[in-house]
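Chemist: Below is a structure I'd like to ask you about.
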């Protein structure tokens, strides 16, 4: 097997584990009464069923309700990921919707996805949105990076200071990945 084939197989295995883990986390949230599965993942029933069929064959999903109205900021994050991410296809669309929806939660994005670490989230984003991953040259936390990109694209300012180097919250936004 050549290196390209080995890398492709490794990416496929990582995607299977990541999508299964994200779905399992959302199913636990749903079972705990935290919302409809479609709303927890930001996916319409058909998309959620297709994701489960591809990455978790044989998984019996609960009855799926239609997706509730999507908040504007969630739609903005989906647009950012798909427009600037560098990939298209089902996985990119599904993951963009999931990342956008889970970005609305209060904890770290990797925690709200059920991933083991921030570094793990970085690798997932790198596989599916390589251009956006490459744009995060200063290792900004992903949720904050998404919002900063949207604010910058819209001519707004997220930080209190004109530049991150001058902002009192810089240590909160930037930091090393830990596994």
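Throughout, read-outs are computed from the coordinates displayed, never taken from laboratory work. Model, not experiment: these values are computed from the prediction. Virtual Cβ from ideal backbone geometry, glycine too; neighbours counted across all protein chains shown.
Chemist: Quote to one decimal, in nm, the extra length available between residue 46 and residue 111 on full extension: 0.36 nm per residue of separation minus the C-alpha distance between them.
Modeler: 20.8 nm
Chemist: Rank-order 103-110, 59-66 by packing density, defined as the average count of other C-beta atoms within 10 Å over each peptide's residues, highest first.
Modeler: 103-110, 59-66
Chemist: Over the Cα atoms of the range 61-131, each weighted equally, I'd like the Debye log10 I(q)/I(0) at q = 0.12 Å⁻¹, rounded to two decimals.
Modeler: Calculated log10 I(q)/I(0) at the listed q: -0.33.
Chemist: Give me the number: length gained by fully extending residue 12 to residue 65, i.e. 0.36 nm times residue separation minus the C-alpha to C-alpha distance, one decimal in nm.
Modeler: 16.2 nm
Chemist: How many nm is it between the label spots at residue 28 and residue 90, if each spot is 7 Å from the Cα in line with the beta carbon?
Modeler: Here the modelled spin labels are 2.6 nm apart.
Chemist: Could you work out how far apart the two model spin labels at residue 20 and residue 137 are, taking each label as a point 7 Å from the Cα in the direction of the beta carbon, and quote it in nm?
Modeler: That separation, rounded to one decimal, is 3.9 nm.
Chemist: From the P(r) of the range 100-150, can you give the percent of Cα pairs sitting at distances over 17 Å?
Modeler: On the way: 350 of 1275 pairs.
Counting every Cα pair in the range 100-150, those more than 17 Å apart make up 27 percent.
Chemist: A further question follows. I'm a student and want to see the number: the projected area of the Cα convex hull of the range 1-122, averaged over all directions, in nm².
Modeler: With the hull built on Cα positions only, its mean projection is 8.3 nm².
Chemist: Between residue 119 and residue 72, what length in nm is gained on full extension when 0.36 nm per residue of separation is reduced by their alpha carbon distance? Mind dumping the intermediate values first?
Modeler: Working: separation 47, 0.36 × 47 = 16.92 nm, distance 2.77 nm.
Extra length available between residue 119 and residue 72 comes to 14.1 nm.
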